[in-house]
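For reference, the structure is listed below as structure tokens.
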There are 2 protein chains.
Amino acid sequence: MNSRQSNVRQRVVAAAAEMLARHGLNATSIREMIKRAKAPLGSAYHHFPQGKEQVVLEAVAFAGAQVSHSLERHLQAGPVAGLRSFLSMWREVLIRSDFRMGCPVMAVAVEEPVGEAAKRPLEAAAKVFADWEGKLAAALQVHGRDARSAAELATLIVASVEGAIVLCRARRSISPFDKVARQLEGLVHAQASH
Amino acid sequence: MNSRQSNVRQRVVAAAAEMLARHGLNATSIREMIKRAKAPLGSAYHHFPQGKEQVVLEAVAFAGAQVSHSLERHLQAGPVAGLRSFLSMWREVLIRSDFRMGCPVMAVAVEEPVGEAAKRPLEAAAKVFADWEGKLAAALQVHGRDARSAAELATLIVASVEGAIVLCRARRSISPFDKVARQLEGLVHAQASH
DNA sequence: GTCTATACGAAGATAGAC
DNA sequence: GTCTATCTTCGTATAGAC
């Protein structure tokens with residue numbers, strides 16, 4: 001519980017989030033994440049008694065919260081600004097990693113673990129997506145959209161950005177992302193006031 | 001090369017595609033796919049000398065071609081019919097698997113293998129996505145859209161459907177998919193003639 | 001309380017018996 | 001040509017020395 005322990009915890013969670021985004025859930029190993037955090041293997045189970053499932057859960061929540069906070073801040077300037085912040089964050093991840101990193105939340109959702117159920121990380125992923133959609137939808141509604149239309153557009157935004165990330169990684173190109181971004185801006189502009 | 005070999009090959013590739021869609025790339029093991037094809041482990045390397053990389057590449061191409069053929073057939077009745085076919089295929093996968101299966105092409109794109117490069121499966125995935133987008137874009141263009149708008153909308157369709165699949169798996173619900181589908185139909189209807 | 005050393009299973013791949 | 005048995009590596013997790 002002292003500050004050194006907290007730092008190790010933070011470093012492990014951050015490393016896990018990066019590994020999830022790059023290599024996927026099953027290739028995100030305790031060994032590697034603890035190594036990146038410069039801590040011995042045994043200490044992983046001291047800080048995270050429930051092992052990998054716990055680290056992954058925290059990594060998803062951590063990455064989700066980062067995006068969520070930025071989204072929330074920029075949405076105060078309206079839905080267009082919020083959308084642009086959401087887009088630029090993911091665009092940056094793709095560019096900086098040379099299209100080798102994606103979304104750590106997605107990673108948890110598309111790999112059903114072989115062993116036991118391990119439902120908790122998946123539920124955390126669902127919560128993160130719902131949070132992003134909810135924040136976008138609320139802003140769209142405040143700016144003149146009815147509840148149903150706002151919710152639908154918010155879901156389209158999250159889905160198409162996540163999907164665009166996949167297309168970009170496959171193609172090793174930002175082009176799909178920019179095509180999607182352009183259209184989303186058009187859709188948000190169309191009915192929401194500035 | 002006789003028919004029994006071909007059957008084994010086909011069964012292995014089909015099993016691999018299903019495992020990719022459900023468990024992801026790294027959890028798709030040679031052992032399990034050959035077991036599902038009711039063939040001994042050693043024979044995997046007889047039929048697929050390049051091992052897992054080769055099976056995965058063929059599984060991605062196989063799954064991609066299945067979707068592509070259906071898309072092509074329905075697009076002859078126009079872009080709306082093509083979109084509906086694309087949507088209903090993926091909706092069916094989600095419902096029938098109780099939201100435990102996704103897109104095998106995506107699986108390859110979001111998990112950078114830990115070991116060597118293994119670029120071939122990723123390139124196959126890029127080809128599949130480009131094929132789907134190209135077919136959709138061509139149909140949209142024939143039905144009155146300019147080339148740029150057609151290409152952008154085609155990319156949005158593929159990206160948002162792939163992303164919607166992820167959201168549905170996380171939430172264990174078809175609701176995100178239906179929200180996205182509804183909007184895509186609106187967008188295709190808007191400018192493309194029936 | 002921290003961490004080294006290890007148990008145990010499963011992965012990809014192959015050698016070599018039939 | 002087919003397949004059993006095995007090599008090597010890496011995964012999660014823990015026992016027990018300091």
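Put simply, of B:GLU112, B:GLU123 the only residue that is within 16 Å of DNA strand D (Cβ to nearest atom) and either out of contact with any strand residue (DSSP E or B) (no Cβ under 6 Å at 6 or more places or on another chain) or closer than 26 Å to A:ARG182 by Cβ (or both) is B:GLU112.
Taking the range B:31-53 as the range and being within 10 Å of DNA strand D (Cβ to nearest atom) and under 24 Å from the mean Cα position of the chain (by Cα) as the test, the residues that pass are B:ARG31, B:ILE34, B:ALA44, B:HIS47.
Checking each residue in the range B:165-177 for being in contact (Cβ under 8 Å) with a residue 24 or more places away in the chain and either in contact with a Pro (Cβ under 8 Å, 6 or more places away or on another chain) or more than 7 Å from every other protein chain (Cβ to nearest Cβ) (or both) picks out B:ILE165, B:CYS168, B:ARG172, B:SER173, B:ILE174, B:PHE177.
Take the conditions assigned to a loop (DSSP other than H, G, I, E, B) and crowded, with 17+ Cβ neighbours inside 10 Å and apply them to B:GLU111. Does it pass?
When the stated conditions are applied, B:GLU111 passes them.
Of A:ALA151, A:ALA130, A:ALA159, A:ALA126, all but one fail to be in contact with a Gly (Cβ under 7 Å, 6 or more places away or on another chain) and either on the phi < 0 side of the Ramachandran plot or of a type in the set (S, T, N, Q) (or both); the exception is A:ALA159. The residues of the range A:145-164 that are part of a helix (DSSP H, G or I) and more than 8 Å from every other protein chain (Cβ to nearest Cβ), listed by number, are A:ALA147, A:ARG148, A:SER149, A:ALA150, A:ALA154, A:ILE157. With respect to (1) within 11 Å of chain A (Cβ to nearest Cβ); (2) assigned to a helix (DSSP H, G or I), the lone exception for B:GLU185 is condition (1). Of all positions in the range A:33-48, none carries a residue that is touching an Asp or Glu at 6+ places or on another chain (Cβ under 7 Å) and within 18 Å of A:PRO121 (Cα to Cα).
Exactly one residue among B:ARG84, B:ARG100 is charged (D, E, K, R), in a loop (DSSP other than H, G, I, E, B) and either out of contact with any strand residue (DSSP E or B) (no Cβ under 8 Å at 6 or more places or on another chain) or on the phi > 0 side of the Ramachandran plot (or both), and that residue is B:ARG100. Here the range A:10-38 is the region considered, the condition is being surrounded by fewer than 20 Cβ atoms within 10 Å (Cβ to Cβ) and aliphatic (A, V, I, L, M), and the residue that is nearest to DNA strand C (Cβ to nearest atom) is A:ILE30. Selection within the range A:74-92: residues that are buried (at least 17 other Cβ atoms within 10 Å of the Cβ) and under 19 Å from A:VAL60 (Cβ atoms). The member of this set that is nearest to DNA strand D (Cβ to nearest atom) is A:TRP90.
Against the numbered list (1) within 16 Å of DNA strand C (Cβ to nearest atom); (2) of a type in the set (Ser, Thr, Tyr); (3) surrounded by 22 or more Cβ atoms within 10 Å (Cβ to Cβ), B:THR155 comes up short only at (1). For the criterion of being over 17 Å from A:ASP131 (Cα atoms) and within 14 Å of chain B (Cβ to nearest Cβ), A:VAL108 fails.
Specify which of the listed residues (A:GLY42, A:GLY51) is closer than 27 Å to B:ALA107 by Cβ and within 14 Å of DNA strand C (Cβ to nearest atom).
Working: A:GLY42 fails: closer than 27 Å to B:ALA107 by Cβ.
Only one candidate passes the filter, namely A:GLY51.
Please count how many residues of the range B:85-113 are within 16 Å of DNA strand C (Cβ to nearest atom) and in contact (Cβ under 8 Å) with a residue 24 or more places away in the chain. It would help to see each step written out before you state the result.
Just the residues of the range B:85-113 that are within 16 Å of DNA strand C (Cβ to nearest atom), to begin with: B:104, B:107-108, B:111-113.
Still in the list and also in contact (Cβ under 8 Å) with a residue 24 or more places away in the chain: B:104, B:107-108, B:111, B:113.
Residues that pass the stated criteria total 5.
Close contacts from the range A:31-60, counting a first residue that is within 14 Å of chain B (Cβ to nearest Cβ) and in contact (Cβ under 8 Å) with a residue 12 or more places away in the chain and a second that is in a helix (DSSP H, G or I) and within 9 Å of DNA strand D (Cβ to nearest atom), with Cβ to Cβ under 8 Å and a gap of 6+ residues or different chains, come to A:MET33/A:ALA44; A:MET33/A:VAL55; A:LYS52/A:ILE30.
Each reported figure results from applying straightforward, stated rules to the coordinates on display, with no laboratory input. Quick caveat, the model's predicted, so the values are computed rather than measured. Cβ atoms come from the backbone with ideal geometry, glycine included; neighbour counts cover every protein chain shown.
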